[in-house]
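Q: Structure provided below as structure tokens; questions to follow.
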Amino acid sequence: MKSDPPTAPNSLQITPQICQIWDQLAQFDAARSDEALDYLLESLCQLVEGTSASWIGALRLNAHEPNDPLLGWRPRITHLMDSKPSTNAFIKNKMQEIDKTGPDPSLQTQVRMAGKFRVYLQDDIVDKTWYQGDYYLTQKEHNGLVDRLYVVTPLNEDMECYITVDRVGTQPPFCRSDCQQAAALLRGLSWFQRQVALSYGLHIGAVAITPTERRVLQQLLTDSSEREIADELGLAYTTVHSYVTSIYRKFDVNGRAGLTALWLGKGLTVC
């Protein structure tokens with residue numbers, strides 16, 4: 001495998017198209033984080049002519065295990081731009097393989113750069129023999145993968161967000177100008193990725209909040225009452241109240257004001 005991949009370029013060109021994406025992204029309220037993330041991934045694909053994109057929330061669960069090939073880092077949440085059952089199952093299987101059969105060497109190269117914003121291409125982290133291995137060939141067979149572009153944003157020393165963009169089929173590989181455009185778009189969006197991570201409860205430990213808790217959490221970020229949330233989600237009021245109590249406990253807040261403070265950038269830590 002190659003040595004450490006390059007970080008982001010020092011000079012980023014902010015174009016009117018990028019400013020328009022930023023402005024549109026700011027129009028989504030906190031309760032619509034999935035819609036906002038889909039919009040960002042779709043916009044990034046249009047910007048660099050990618051076919052599909054994904055967002056991955058990764059945590060460093062054990063930084064002091066000397067024999068861990070990934071230095072404690074593990075992917076915990078994957079959000080796909082085009083979510084399909086077959087693709088979800090494929091990604092889930094790949095995530096489980098990390099601990100069952102060991103990580104692919106390309107993942108080891110990536111985690112060595114943890115802690116800094118970075119953008120790189122697949123060729124930056126692998127050598128030519130990697131493309132003959134099972135890790136790449138299974139992806140090529142599954143979705144016709146040709147090339148992948150990575151943008152990694154650290155949120156703190158124990159949490160990072162990976163955004164990947166793929167080209168498939170007969171598309172040509174990415175180039176350096178694609179990296180520069182992706183970096184220009186995403187370099188200033190750590191605030192947004194932080195909100196996405198919060199919406200999954202990634203800051204509270206190794207296991208994210210449940211899907212139902214997440215639906216209730218998104219409604220708590222609106223002005224709806226608990227009874228209105230119950231009606232909206234088709235749940236009993238007592239059930240919603242139990243979820244709300246659990247959410248407050250997991251996020252270590254006393255109420256909606258505490259949740260709002262987290263979304264405004266107060267007190268984000270990783271257990």
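Q: Can you name the number of the only condition in (1) closer than 23 Å to Asn93 by Cα; (2) buried (at least 21 other Cβ atoms within 10 Å of the Cβ); (3) within 11 Å of the chain's Cα centre (by Cα) that Tyr162 fails?
A: It fails just one condition, (2).
Q: Among (1) part of a helix (DSSP H, G or I); (2) in contact with a strand residue (DSSP E or B) (Cβ under 9 Å, 6 or more places away or on another chain); (3) at pLDDT below 90, there is one condition Val270 misses while meeting the rest; what is its number?
A: (1)
Q: Within the range 224-236, is even one residue of a type in the set (A, V, I, L, M), at pLDDT below 90, more than 20 Å from Ser33 (Cα to Cα) and not assigned by TED's automatic domain parsing to the domain that holds Val196?
A: Taking the range 224-236 and keeping what is of a type in the set (A, V, I, L, M), we get 229-230, 233, 235-236.
Now restrict to residues that are at pLDDT below 90: none.
Within the range 224-236 (the criterion being of a type in the set (A, V, I, L, M), at pLDDT below 90, more than 20 Å from Ser33 (Cα to Cα) and not assigned by TED's automatic domain parsing to the domain that holds Val196), the answer is no, since none of the residues qualifies.
Q: Filter the range 17-34 for residues that are under 14 Å from the mean Cα position of the chain (by Cα) and under 26 Å from Val168 (Cβ atoms) and give the result. Break it down into steps so the answer makes sense when it comes.
A: Keep residues of the range 17-34 that are under 14 Å from the mean Cα position of the chain (by Cα), which gives 33-34.
Scanning the range 17-34 gives a single hit, Asp34.
Q: Would you check which residues across the range 149-182 are in contact with a Phe, Trp or Tyr (Cβ under 8 Å, 6 or more places away or on another chain) and not charged (D, E, K, R) and list them?
A: Once the filter is applied, which keeps residues that are in contact with a Phe, Trp or Tyr (Cβ under 8 Å, 6 or more places away or on another chain) and not charged (D, E, K, R), the range 149-182 yields Leu149, Tyr150, Val151, Val152, Thr153, Pro154, Cys161, Tyr162, Ile163, Thr164, Val165, Cys179.
Q: Just give me the residues in the range 35-51 being surrounded by 16 or more Cβ atoms within 10 Å (Cβ to Cβ) and either under 14 Å from the mean Cα position of the chain (by Cα) or assigned to a helix (DSSP H, G or I) (or both), in sequence order. Talk me through it step by step, then tell me what you get.
A: From the range 35-51, those surrounded by 16 or more Cβ atoms within 10 Å (Cβ to Cβ) are 36-45, 47-48, 50-51; that's our starting set.
Matches in the range 35-51: Ala36, Leu37, Asp38, Tyr39, Leu40, Leu41, Glu42, Ser43, Leu44, Cys45, Leu47, Val48.
Q: Tell me yes or no: at least one residue of the range 120-139 is surrounded by fewer than 16 Cβ atoms within 10 Å (Cβ to Cβ), modelled with pLDDT under 85, over 19 Å from Arg167 (Cβ atoms) and among the small types (Gly, Ala, Ser). Explain how you work it out, then say what you get.
A: So in the range 120-139, the residues surrounded by fewer than 16 Cβ atoms within 10 Å (Cβ to Cβ) come out as 127-129, 131-134, 137-138.
So of that shortlist, the ones also modelled with pLDDT under 85 come out as none.
For the range 120-139, residues surrounded by fewer than 16 Cβ atoms within 10 Å (Cβ to Cβ), modelled with pLDDT under 85, over 19 Å from Arg167 (Cβ atoms) and among the small types (Gly, Ala, Ser): absent.
Q: Which is in a helix (DSSP H, G or I), of a type in the set (A, V, I, L, M) and closer than 21 Å to Gln193 by Cα, of Ile91, Ile77?
A: Working: Ile77 fails: in a helix (DSSP H, G or I).
Exactly one residue qualifies, and that residue is Ile91.
Q: Could I ask something else about it? What number of residues in the range 10-31 are among the aliphatic types (A, V, I, L, M), outside any loop (DSSP other than H, G, I, E, B) and within 15 Å of Gly188 (Cβ to Cβ)? Can you show your working first?
A: Initially, the range 10-31 is screened for residues among the aliphatic types (A, V, I, L, M), giving 12, 14, 18, 21, 25-26, 30-31.
Checking which are outside any loop (DSSP other than H, G, I, E, B) leaves us with 18, 21, 25, 30-31.
Subset that is within 15 Å of Gly188 (Cβ to Cβ): 18, 21, 25.
Residues meeting the conditions: 3.
Q: What number of residues within the range 191-234 satisfy the criterion of being under 13 Å from Asp29 (Cβ atoms), among the polar types (S, T, N, Q) and touching a residue at least 24 places away in the same chain (Cβ under 8 Å)?
A: The total comes to 5.
The values are calculated or read from the model by the stated rules, or taken from the named source; none is laboratory data. Since the model is a prediction, treat every value here as computed from it, not as a measurement. We place every Cβ from the backbone using ideal geometry, glycine too, and count neighbours over all the protein chains shown.
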